[in-house]
1. Suppose the Debye formula is applied to equal point scatterers at every Cα of the chain; what is log10 I(q)/I(0) at q = 0.13, 0.14, 0.15, 0.16 Å⁻¹?
2. Applying a 10 Å radius around every beta-carbon, put 196-207, 219-230 in order of their mean neighbour count, most first.
3. Among the aspartates and glutamates, which have Cα under 13 Å from the Cα of K108 when same-chain residues fewer than 8 positions away are ignored?
4. How long is the range 158-217 along each principal axis, judged by its Cα atoms, biggest number first, in Å?
5. Give me, ordered by chain and number, the residues 5 or more places off V190 or on other chains with an amide H under 5 Å from its own placed amide H.
6. Identify the residues of the range 89-117 with backbone N under 17 Å of a label point that sits 7 angstrom from the Cα of S134 along the Cα-to-Cβ direction, or state none.
Amino acid sequence: MLKFENVSVSYGRAPVLFDIDLEVTEGEVVAILGSNGAGKSTTLRAASGIVPPRAGKIWFEGTEIGGMAPHQIVDRGMAHCPEGRRLFPDLTVEQNLHLGARSKQARKVVAESLDEIYQLFPVLKERRGQQAGSMSGGEQQMCAIGRALMAKPRLLLLDEPALGLAPIIIQEVFDVVRLVRNAGVTVLIVEQNVSQTLDVVDRAYVIERGRVVLQGTGTEMKNDKNVQRAYLGA
């Protein structure tokens, strides 16, 4: 579904990613792990068109998308839920959700999509007329994920969805990832909560200093001594 072939990315003259090879197959949940500044979020930004690759190719469902504008990539069936949620705090929950339905396909089924989001996140239905900025961090994260799902994506990119949340809310977020996958949406997730992430993913990649240094199934990665030492406190 999504494939990186020798992808390198720079911000100006500063290189960030080096010859990244990565693949996500339809129906999977795949994680990108690594320390702060390793290039995880940049990988998602490259996939969604926010930053263009300096070298290499990015394929989505058989079409090369490297260099495409973000809105064109959304129209093809990919949505990006960014780190930090990025909601419009003064708009209501429902207004924020509507902003996600901007692709050609999504605009045709807004009412149906809202019903689906409210079934997935009942609290958002209760809060639909409330300003998004007045909700708890966990509720805001649900709204951000819901907004991305309003685009009717086949591939959802999640960047640090558990960041800054209480442990009990973090579990709810990972439960949502399972629900999203069960609903037929493929997921590529960047997350620093490594232990819980590896419990829900099919496969994972570890990026260090802009390079893929390790990959494997969730179980293989959880049992890997290097991963245990670096990320699991073992």
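1. -0.75, -0.87, -1.00, -1.13
2. Working: 196-207: 21.3, 219-230: 15.4.
So the order, starting with the most tightly packed, is 196-207, 219-230.
3. D75
4. Cα spread of the range 158-217 along its principal axes, largest to smallest: 31, 28, 16 Å.
5. Counting only residues 5 or more places away or on other chains, the set is I32, L158, D159, E160.
6. Residues passing the 17 Å test: 89-97.
Readers should treat all values here as calculations from the given coordinates under stated rules, not as data from a laboratory. Keep in mind that this is a model prediction, so the values were computed, not measured. We place every Cβ from the backbone using ideal geometry, glycine too, and count neighbours over all the protein chains shown.
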